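The values are calculated or read from the model by the stated rules, or taken from the named source; none is laboratory data. Given the structure is predicted, the values throughout are model-derived calculations rather than measurements. No Cβ is skipped: glycine too gets one built from the backbone with ideal geometry, and neighbour counts run over all protein chains shown. These area figures cover heavy atoms from the full protein model, side chains too; ligands, DNA and RNA do not enter into them. Shrake-Rupley method; radii C 1.70, N 1.55, O 1.52, S 1.80 Å.
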Amino acid sequence: MIPIIETERLVLRAPGAEDFSVYRDFFADAGASIAYNGPLSAGDSWRMLATDIGHWALRGYGRWAVTIKKTGEMVGGCGLWWPEAYPRSELTWWIIASARRQGYAREASVAAIKFGYETLGWPIVETHINDENLAARHLVKSLGGVFMLREKFPDGLSRDIFQLPKG
């Protein structure tokens, strides 16, 4: 069962088929989805949604659908995941263009980090940042992320790895 987490303005809930149009539109946007190997076709966006749902069953944690508490509108995804063959788990997030610069990624990330430390009992919650992802670097800095190391990943890219504090 995927837990529901509420923050001041958001509800992090299980993703579902009703969220497909948000996934499709986000992952079709080349600029927005570049960190996720975008742009993706509608079929690949569906598989990303299915991956997010299935990850919870396989690992016991994953990405939530990030929704605005007052309206129920889905504005992105955020959570912890560990793709097969990757060296370790990470915090990851995405927010649709119309909802950016409102602090939703930060608010959802704080909740996901807390879940990692308090519910999962992880000794470290970290994130892996592509060199060109300046927005992610800014968010990690605002979260108090501390550079740990640089590592090459199975996709051939080297990324900076940051440890995120307990809050």
Neighbours by Cβ (under 9 Å, 6+ apart or cross-chain): first from region 140-167, part of a helix (DSSP H, G or I); second polar (S, T, N, Q) and at pLDDT 95 or above: V140/S109; V140/T127
Can you tell me which residue in region 94-108 is farthest from D155 (Cα to Cα), limited to those that are surrounded by 20 or more Cβ atoms within 10 Å (Cβ to Cβ) and either over 12 Å from the mean Cα position of the chain (by Cα) or touching a residue at least 40 places away in the same chain (Cβ under 8 Å) (or both)? Y104
What is the one condition in (1) closer than 19 Å to A35 by Cβ; (2) out of contact with any strand residue (DSSP E or B) (no Cβ under 6 Å at 6 or more places or on another chain); (3) open to solvent by 20 Å² or more (accessible area, probe 1.4 Å) that D160 does not satisfy? (2)
Quick test of your reading of the structure: K141 fulfils all but one of (1) surrounded by fewer than 13 Cβ atoms within 10 Å (Cβ to Cβ); (2) in contact with a Leu (Cβ under 8 Å, 6 or more places away or on another chain). Name the failing condition by number. (2)
Need pairs with beta-carbon distance below 6 Å; first residue more than 22 Å from L58 (Cβ to Cβ) and open to solvent by 40 Å² or more (accessible area, probe 1.4 Å) and within region 68-93, second among the charged types (D, E, K, R) and assigned to a loop (DSSP other than H, G, I, E, B); sequence gap 6+ or separate chains. K69/R9
Positions within region 12-26 being without any contact (Cβ under 8 Å) to a residue 60 or more places away in the chain and closer than 17 Å to G79 by Cα, in sequence order: R13, A14, G16, D19, Y23
Got a number for residues in region 102-122 being over 18 Å from T67 (Cα atoms) and either among the small types (G, A, S) or modelled with pLDDT under 95 (or both)? 2
Tell me, which residue of region 30-71 that is at pLDDT below 95 and not in a helix (DSSP H, G or I) is nearest to V125 (Cα to Cα)? N37
